[in-house]
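Notes for the one structure printed next.
The values are calculated or read from the model by the stated rules, or taken from the named source; none is laboratory data. Everything quoted here is computed from the prediction, not taken from an experiment. Cβ sites come from the backbone with ideal geometry, for glycine too, and all protein chains shown count toward neighbours.
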Amino acid sequence: MKILTTRFGEIELDEARIMEMRGGVLGFEHLRRYLLLVHHEKTPFMWFQSIDDGAIAFVVINPQVVKLDYEPVIGDDDVELLEIASLEDITLMAIVTIRSNPVTVSANLRAPIVINSRKRLAKQIVLENPEYPIQYYLKTADSLDKEEGIEKNFDRGKECNVAAV
């Protein structure tokens, strides 16, 4: 299958890699199919590319990369909806907001995208835990390379590959 995207042009993809959103991304509930793309092998950033609208793609990051003690509680209803059978099935992604000032690059830890990587099902869930902010600033994240900095880790215009989630 091929899709035409705004950022990456035409992408050839294996339909088995497409994730079905159950509930959609907040504000984009009408878009139900996504693909996780690796932007650059040396960065923790990826793209959550809509299959339904090639102009829509979100920069995402594994929230446990930026906040090592990130352990969201996923409710029973969401576990059932996503058909999660074990912890090994779960992949977490946080949507990243990129601004012109790299100090203000942030990840939304309050509303992660929970992916059942075995069944290719996903949902953005809103956590009740106030310790997980909507804007967790990555410049202060302990686990990212301080020498390189966020602005050097995020390099637009590179070829992307499908992530093996």
When you go through (1) modelled with pLDDT of 95 or more; (2) at positive phi one by one for Gly27, which number turns out not to apply? (1)
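To keep it simple, each residue is scored yes or no on (1) surrounded by fewer than 17 Cβ atoms within 10 Å (Cβ to Cβ); (2) modelled with pLDDT of 95 or more; (3) farther than 23 Å from Glu29 by Cα; (4) in contact with a His (Cβ under 8 Å, 6 or more places away or on another chain).
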| residue | (1), (2), (3), (4) |
| --- | --- |
| Ile115 | no, yes, no, no |
| Arg118 | yes, yes, no, no |
| Leu121 | no, yes, no, no |
| Leu138 | no, no, yes, no |
| Glu159 | yes, no, yes, no |
| Ala164 | yes, no, yes, no |
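So which of Asp77, Asp69 is without any contact (Cβ under 8 Å) to a residue 12 or more places away in the chain and part of a loop (DSSP other than H, G, I, E, B)?
Working: Asp77 fails: part of a loop (DSSP other than H, G, I, E, B).
That would be Asp69, the only listed residue that is without any contact (Cβ under 8 Å) to a residue 12 or more places away in the chain and part of a loop (DSSP other than H, G, I, E, B).
One line per residue, one yes/no per condition, for (1) closer than 22 Å to Glu83 by Cβ; (2) touching a His at 6+ places or on another chain (Cβ under 8 Å):
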position	(1), (2)
Glu20	yes, no
Glu29	yes, no
Leu37	no, no
Lys42	no, no
Gln49	no, no
Asp52	yes, yes
Ala57	no, no
Val60	yes, no
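Can you report the number of residues in the range 17-36 which are part of a loop (DSSP other than H, G, I, E, B) and either in contact (Cβ under 8 Å) with a residue 24 or more places away in the chain or surrounded by fewer than 16 Cβ atoms within 10 Å (Cβ to Cβ) (or both)?
Narrowing the range 17-36 to residues part of a loop (DSSP other than H, G, I, E, B): 18, 22-24, 26-27, 29-32.
Going one step further and asking which of them are either in contact (Cβ under 8 Å) with a residue 24 or more places away in the chain or surrounded by fewer than 16 Cβ atoms within 10 Å (Cβ to Cβ) (or both), we end up with 18, 22-24, 26-27, 29-31.
Number satisfying all stated conditions: 9.
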Could you grab me the full set of residues in the range 37-66 that are part of a loop (DSSP other than H, G, I, E, B), surrounded by 15 or more Cβ atoms within 10 Å (Cβ to Cβ) and hydrophobic (A, V, I, L, M, F, W, C)? Ile51, Ile56
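Residues are listed down the side, and each one gets a yes or a no for (1) farther than 18 Å from Glu20 by Cα; (2) touching a helix residue (DSSP H, G or I) at 6+ places or on another chain (Cβ under 9 Å):
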site: Leu35; (1), (2): no, yes
site: His39; (1), (2): yes, no
site: Ile56; (1), (2): no, no
site: Asn62; (1), (2): yes, no
site: Leu87; (1), (2): yes, no
site: Thr91; (1), (2): no, no
site: Ser100; (1), (2): yes, no
site: Val103; (1), (2): yes, yes
site: Pro112; (1), (2): no, yes
